[in-house]
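Engineer: Please read through the structure below; I'll follow up with questions.
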Amino acid sequence: MMGGQNNDWMVASRMSKSLSLSLVVALAVAGSSSLRAQHRHHNQIAAQTKNQPWMNASLSPDERADMVLKQLTLDEKIDLLHGNGMPGWGTPRPNAYLGNGGAGFTLSIPRLSIPFIQMSDAAYGVRMSADNGRYSTALPSNLGSAASWDLQAACDYGALIGRELRAQGYNMTLGGGVNLTREPRNGRTFEYMGEDPVLAGTMVGNRIKCEQAQHVIGDIKHYAMNDQESGRNEVDSIINRRAMRESDLLAFEIGLKVGDPSAVMCSYNAVNGDYACENKYLLSDVLKNDWKFKGFVLSDWGGTHSTVKASAAGLDNEEPEDLFYGPKLKEAVQAGKVPMSEIDDHARRVLRGEFAAGLVDFPIQKSVVDVEGGLKTARSIEESSIVLLKNEQNVLPIDGAKVHSIAVLGLNADTGMISGGGSAQVDPPGRPSAPWQSHVWFPTSPLKAIAAKAPGATVRYGGSEPAAAAEAAKGADVAIVFAYQWESEGMDLPDLSLPDNQDALIEQVAAANPHTIVVLETGTAVTMPWLDKVSGVAEAWYAGSDGANAVANVLFGKVNPSGKLPMTFPRSVADLPHPHLVTPPPGATGTEAVQKTGEAKPTFSVHYDEGVKVGYKWYDAEHKPVLFPFGYGLSYTSYRYSGLKLGEGSDHSVTFTVTNTGERPGTEIAEVYAGLPAAAEEPPKRLVGWASVALKPGESREMTVTVDPKYLSIYNEQKGWTLVPGQYTFLVGGSSQDLPLKQETTLN
Ligand code: GLC
C-alpha cells in the first residue's frame with residue numbers, strides 16, 4: 001500500500017465531520033481526473049488548514065523546502081538521507097512493507113505532508129514488474145533510442161516511462177544512464193547514449209525532461225567515469241580534468257541543463273583517487289558549485305563508503321541502506337564531526353527535489369498501464385532507431401506483394417527478441433522475473449511479423465544451427481538472419497564478436513543464398529567477418545516490446561530507415577584505445593563484499609590517457625579506418641547537400657540545403673561538425689549540432705543549425721570554457737565520414 005495514499009486519506013479523516021462527509025459525496029460524483037484534482041485540492045486545503053504554508057504550490061520549490069526544513073527534527077532530516085533496503089538485497093528491514101517493491105524508498109513525513117520517495121530502476125522500462133504482479137513496456141535500448149537522434153522520440157521515451165512508473169506506484173526513476181561509450185565492450189553500453197557528449201547529453205536530457213514532467217523525480221547516472229563494469233567497485237578511473245570536462249562530464253552537463261533532473265546518481269568507481277560518492281571535485285566543485293545543481297546526489301547501490309568524508313564531499317543520500325547515513329551520521333552530527341549545516345543542505349536538496357518534481361502536489365494514484373499505447377510508442381521509437389548499414393542491389397526493401405519465399409534464421413527468431421540484463425532488465429509480460437544476468441527474450445516474433453508482411457509467400461523458419469539453416473535458406477527469394485549479442489550490467493564483453501557461433505551461421509546462410517540479410521539485435525558494436533558475403537545489414541539494437549513489427553515495417557519499406565550510429569563500429573578490438581580490457585588484479589575485494597560492508601578502497605586503475613578522444617575522435621586522431629563510422633546510416637532514398645553558409649561574428653549558425661534525390665520520401669539527419677584551430681590541441685573534429693528533415697522525392701529544404709559556443713570551446717581549469725581564437729572549419733553531411741560541405745572561418 002502506498003504510504004503516500006495512507007497519508008493523504010489520514011489528512012482527510014482529521015477534517016471536521018460535515019466537511020469530510022460532503023467531500024465524500026463530491027468525490028463519488030466527480031470523474032477520475034477531476035477526482036484527482038479534488039484530491040490534490042483537498043490535500044492542499046487540509047494542509048493549509050493544518051497551517052502548512054509549504055503546501056502552497058505557487059511558492060518556489062526552494063522556499064517550500066526551506067519551510068519544511070525548519071520543522072524537521074534531526075531524526076526526520078536523517079530519514080530523508082538514506083534508503084530502507086531493496087527486495088533481494090540482504091535482510092529485509094522491519095519497515096520493508098512500506099516499499100513499493102522497487103529498488104528503494106525514503107520515508108515519508110506524514111505530519112508535514114511529505115510523501116515517500118518510491119524509487120524504481122527504469123532504464124528502458126519499469127523494472128521488477130513481474131515480482132510485483134505488474135506490466136511494463138520495454139522500449140528499445142537506450143543506445144538504440146540514441147540512434148534516432150530525434151528529440152521528440154527521446155521525450156516520448158521518458159514520458160512513457162514516467163507514466164508507467166506512476167501507474168505502478170513509483171515517484172522516482174533511476175533511469176537516465178549517460179556514461180560515454182569510451183569502452184564498447186562495457187556490459188552496460190546498451191543502457192547508455194553512445195560516444196559523443198553532445199548527442200548523448202542532449203538525448204538523455206530530453207528523456208529526463210519528459211520523464212520528470214510526469215511527476216517523478218528524474219535521475220542522471222552514473223556520475224562519473226563508470227565506463228566499464230569489470231571491477232567497478234574497486235576501479236580508479238584516472239583522467240585529466242580538462243579531458244573529463246570535455247567528454248564524460250560534458251554529457252552530464254548537457255543532460256542536466258536540458259533535463260534539469262532533481263537527482264544525480266554517483267557511481268561505484270573512484271575518480272582520480274577518490275570514490276565518486278565521496279569525491280569533492282565531482283560532487284561539490286563541479287556539480288553543485290560550477291553547474292549550480294540544486295537537486296540531490298544519491299549513491300549507487302552500495303556505493304557509499306564513508307560518513308564524514310562523503311557528507312563533506314556532497315553526497316546527499318545513501319542507497320539502498322543506512323550503513324553510513326543512518327545511526328553513524330547522527331553520531332557524527334552529535335560529535336560535531338558533521339556540521340548541522342551539511343545535514344540541512346542534504347535534507348533541503350531532497351525536499352526540493354520532491355517539490356520540484358511534483359511529488360507533494362501530485363500524490364500517486366495507481367492505475368492500469370496503457371499496454372496498447374506502450375506497444376505503439378515502443379514500435380515508433382524502434383522504427384526511427386533502426387540503422388541500415390548495408391543494402392546492396394537494393395535487396396531492401398522487400399516487396400511483400402511479389403516475394404514468393406522467405407527463410408527466417410537465427411536463435412529464437414520464430415518467437416522472440418533479446419533484451420538487456422542487469423538492473424535495467426524489464427520483465428516480459430506474463431513471465432516470472434528472470435534471475436540476475438539471464439538472457440531475457442521478449443515475445444515479439446520476427447517470423448510472425450515477416451509472414452504478416454508477405455501473405456502470399458512461403459515463410460519458413462530454419463533455426464540457428466548453421467548447416468540446417470543454410471539448407472532452409474537455399475532457394476528462397478531472400479534469407480533473413482536475426483543475430484543477437486546479449487549484454488548486462490555487472491560484466492563486460494570478452495570481445496565484439498557475435499557469440500554462439502553466429503558468424504558461422506551467417507557465413508553458411510550467405511553461401512547458400514545470394515540475397516541474405518542480417519538483422520542485428522546487439523547491445524553495442526559488433527565485428528562482421530561475413531559483411532562482404534551478405535547483401536543487407538540492419539542494426540535493430542534491443543528492439544523492445546513490439547520490435548518485430550518495427551523491424552518488419554522497415555524491411556518491407558513501410559518505414560524508410562533514418563537511424564544513424566551513435567557509436568563507432570570498429571574493425572577490431574585491436575583498434576580500441578585499450579585493446580586489452582583492464583580487469584581487477586587477483587584477490588581484489590569483489591563487488592559482493594564491497595556492496596555489503598561498504599568498506600572498500602580502489603584496488604586497480606584504468607588510465608584513460610586517450611582523454612577527450614572518445615569514439616570517432618580517437619579513430620580520426622589515430623587515422624584508424626573503422627567498419628562503420630559514428631553518424632552513419634543508409635536510407636531507401638538518397639540526399640544531396642548544398643549551399644553552406646556560416647553566420648557572421650558571434651552568430652555561430654550553419655545554414656545548408658538538403659535535397660531528396662531518390663524515389664521515396666525519407667527523413668535525413670544532417671550532422672554538423674567543427675574542426676578547431678591547431679592551438680586548441682583538439683582531435684580533428686567534433687559534433688556541434690544536427691537537424692533532421694523530412695523530404696519528399698525531389699524536395700529541398702534549407703536548414704539552419706545554431707551552434708552553442710560552448711561546443712566550439714575548450715575547457716581551461718582556470719578560465720573555464722574558452723573559445724580559442726583562430727581558424728575554424730565547419731563540415732556538414734550525413735555521416736562523420738561523409739561531410740560534403742566544408743567551409744573555414746575565423747573566430748575570435
Ligand atoms: C545497480 C546499478 C544502478 C541501479 C541500482 C539499483 O547496481 O548500478 O544503475 O540503479 O543498482 O538497482
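The values are calculated or read from the model by the stated rules, or taken from the named source; none is laboratory data. Worth saying up front: this structure is predicted, and the values here are computed from it rather than measured. With ideal geometry, Cβ positions are generated from the backbone for all residues, glycine too; neighbour counts draw on all protein chains shown.
Engineer: Looking at Val338, Val369, which is the one that is surrounded by 14 or more Cβ atoms within 10 Å (Cβ to Cβ), under 24 Å from Ile117 (Cβ atoms) and more than 27 Å from the chain's Cα centre (by Cα)?
Structural biologist: Answer to the selection: Val338.
Engineer: If the Cβ limit is 7 Å and pairs must be 6+ apart or interchain, which residue in region 467-489 that is within 19 Å of Ser438 (Cα to Cα) pairs with which residue that is in a helix (DSSP H, G or I)?
Structural biologist: Close Cβ pairs satisfying both conditions: Ala483/Gln502; Ala483/Ile506; Glu487/Thr189; Glu487/Phe190.
Engineer: Show the residue pairs that are 6+ apart or on different chains and have beta-carbon atoms under 6 Å apart, the first residue being within region 412-431 and farther than 17 Å from Gly187 by Cβ and within 16 Å of the ligand (Cβ to nearest atom), the second being at pLDDT 95 or above and polar (S, T, N, Q).
Structural biologist: The qualifying pairs are Asp427/Ser129.
Engineer: Have a look at Arg701, Arg686 and point out the one that is within 29 Å of Lys624 (Cα to Cα) and touching a strand residue (DSSP E or B) at 6+ places or on another chain (Cβ under 9 Å).
Structural biologist: Going through Arg701, Arg686 in turn, the sole match is Arg686.
Engineer: With the condition kept exactly as written, say whether any residue in region 229-239 is closer than 23 Å to Leu565 by Cβ, within 16 Å of the ligand (Cβ to nearest atom) and in contact with an Asp or Glu (Cβ under 9 Å, 6 or more places away or on another chain).
Structural biologist: Yes, there is a match, as at least one residue in region 229-239 is closer than 23 Å to Leu565 by Cβ, within 16 Å of the ligand (Cβ to nearest atom) and in contact with an Asp or Glu (Cβ under 9 Å, 6 or more places away or on another chain).
Engineer: Which residues, counting only those in region 374-404, are closer than 15 Å to Ala538 by Cβ and aliphatic (A, V, I, L, M)?
Structural biologist: Ile386, Val387, Leu388, Leu389, Val395, Leu396, Ile398 - these are the residues of region 374-404 that are closer than 15 Å to Ala538 by Cβ and aliphatic (A, V, I, L, M).
Engineer: Just checking, does region 150-170 include any residue being touching a Ser or Thr at 6+ places or on another chain (Cβ under 7 Å), within 25 Å of Asn226 (Cβ to Cβ), within 15 Å of the ligand (Cβ to nearest atom) and not in a helix (DSSP H, G or I)?
Structural biologist: Yes, region 150-170 contains a residue that is touching a Ser or Thr at 6+ places or on another chain (Cβ under 7 Å), within 25 Å of Asn226 (Cβ to Cβ), within 15 Å of the ligand (Cβ to nearest atom) and not in a helix (DSSP H, G or I).
Engineer: So, of the residues in region 93-113 that are assigned to a loop (DSSP other than H, G, I, E, B) and crowded, with 19+ Cβ neighbours inside 10 Å, which turns out to be nearest to the ligand (Cβ to nearest atom)?
Structural biologist: By that ranking, first place goes to Ala103.
Engineer: Which of the residues spanning region 257-288 are surrounded by fewer than 24 Cβ atoms within 10 Å (Cβ to Cβ), hydrophobic (A, V, I, L, M, F, W, C) and closer than 18 Å to Gly720 by Cα?
Structural biologist: Correct list: Val286 only.
One line per residue, one yes/no per condition, for (1) in contact with a helix residue (DSSP H, G or I) (Cβ under 9 Å, 6 or more places away or on another chain); (2) modelled with pLDDT of 95 or more; (3) buried (at least 24 other Cβ atoms within 10 Å of the Cβ):
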site	(1), (2), (3)
Glu489	yes, yes, no
Ser497	yes, yes, no
Leu531	no, yes, no
Ala540	yes, yes, yes
Ala550	yes, yes, yes
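Engineer: Turning to a different aspect of this structure: Filter region 266-288 for residues that are assigned to a helix (DSSP H, G or I) and within 16 Å of the ligand (Cβ to nearest atom); which is nearest to Val582 (Cα to Cα)?
Structural biologist: Ala276
Engineer: Let me ask something else. Within the group Glu487, Glu507, which residue is farther than 19 Å from Asp414 by Cβ and within 16 Å of the ligand (Cβ to nearest atom)?
Structural biologist: Glu487
Engineer: Would you mention how many residues in region 114-131 are in contact with a strand residue (DSSP E or B) (Cβ under 6 Å, 6 or more places away or on another chain) and either assigned to a strand (DSSP E or B) or away from the ligand (no atom under 14 Å from the Cβ) (or both)?
Structural biologist: Total meeting the criteria: 4.
Engineer: Next up: Hey, can you tell me all the residues within region 380-411 that are under 19 Å from Pro514 (Cβ atoms) and either part of a helix (DSSP H, G or I) or within 16 Å of the ligand (Cβ to nearest atom) (or both)?
Structural biologist: Within region 380-411, Glu392, Gln393, Asn394 meet the criteria.
Engineer: Just checking, does region 376-389 include any residue being closer than 23 Å to Asp121 by Cα and modelled with pLDDT under 95?
Structural biologist: No: zero hits.
Engineer: Within region 253-265, can you find the residues that are touching a helix residue (DSSP H, G or I) at 6+ places or on another chain (Cβ under 7 Å) and either within 16 Å of the ligand (Cβ to nearest atom) or of a type in the set (A, V, I, L, M, F, W, C) (or both)?
Structural biologist: Correct list: Ile254, Gly255, Val258, Pro261, Ser262, Ala263, Val264.
Engineer: Which of the strands (runs of 3 or more DSSP E) found entirely inside region 629-748 contain at least 1 residues meeting this: buried (at least 20 other Cβ atoms within 10 Å of the Cβ) and of a type in the set (Gly, Ala, Ser)?
Structural biologist: 666-675, 686-695, 726-733
Engineer: While we're on this one: Restricting to region 134-151, give me the number of residues that are within 17 Å of Gly374 (Cβ to Cβ) and surrounded by fewer than 24 Cβ atoms within 10 Å (Cβ to Cβ).
Structural biologist: Adding up the residues that qualify gives 2.
Engineer: Exactly one of these conditions fails for Asn179: (1) within 15 Å of the ligand (Cβ to nearest atom); (2) over 25 Å from Val707 (Cα atoms). Give me its number.
Structural biologist: Failed condition: (2).
Engineer: Condition first: within 30 Å of Ala543 (Cα to Cα), within 16 Å of the ligand (Cβ to nearest atom) and over 23 Å from the mean Cα position of the chain (by Cα). Can you find one or more residues in region 74-88 that meet it?
Structural biologist: Among the residues of region 74-88, at least one is within 30 Å of Ala543 (Cα to Cα), within 16 Å of the ligand (Cβ to nearest atom) and over 23 Å from the mean Cα position of the chain (by Cα), which makes the answer yes.
Engineer: On to the next question. Please go through region 245-265 and give me each residue that is part of a helix (DSSP H, G or I) and in contact with a Gly (Cβ under 6 Å, 6 or more places away or on another chain), ordered by number.
Structural biologist: Result: Ala251, Ile254, Gly255, Val258, Gly259.
Engineer: Could you tell me which residue of region 193-221 is surrounded by the most Cβ atoms within 10 Å (Cβ to Cβ), considering only residues that are over 30 Å from Pro629 (Cβ atoms) and away from the ligand (no atom under 16 Å from the Cβ)?
Structural biologist: In this case the residue turns out to be Gln212.
Engineer: Still on this structure, I have one more. Please count how many residues of region 289-306 are surrounded by fewer than 24 Cβ atoms within 10 Å (Cβ to Cβ) and either within 16 Å of the ligand (Cβ to nearest atom) or under 20 Å from Val235 (Cα atoms) (or both).
Structural biologist: 2
Engineer: Another question, if that's okay. Tell me which residues, restricted to region 398-440, are at pLDDT 95 or above, over 20 Å from the mean Cα position of the chain (by Cα) and of a type in the set (A, V, I, L, M, F, W, C).
Structural biologist: Ile398, Ala401, Val403, Ile406, Ala407, Val408, Leu409, Leu411, Ala413, listed by residue number.
Engineer: Between a first residue in region 232-256 that is among the hydrophobic types (A, V, I, L, M, F, W, C) and a second residue that is assigned to a loop (DSSP other than H, G, I, E, B) and at pLDDT below 95, which pairs have beta carbons less than 7 Å apart while being 6 or more apart in sequence or on different chains?
Structural biologist: These pairs meet every condition: Val235/Pro602.
Engineer: Related question: Tally up the residues in region 607-621 that are aliphatic (A, V, I, L, M) and either assigned to a helix (DSSP H, G or I) or farther than 15 Å from Asn240 by Cβ (or both), please.
Structural biologist: Looking only at that region, the number is 1.
Engineer: Please indicate, with yes or no, whether at least one residue in region 198-205 is of a type in the set (S, T, N, Q) and under 12 Å from the mean Cα position of the chain (by Cα).
Structural biologist: yes
Engineer: For region 202-244, how many residues are part of a loop (DSSP other than H, G, I, E, B), more than 13 Å from Leu160 (Cα to Cα) and of a type in the set (Val, Ile, Thr)?
Structural biologist: The qualifying residues number 1.
Engineer: Something else about it: Taking region 114-131 as the region of interest, how many residues are within 25 Å of Leu80 (Cβ to Cβ) and over 16 Å from the mean Cα position of the chain (by Cα)?
Structural biologist: The total comes to 7.
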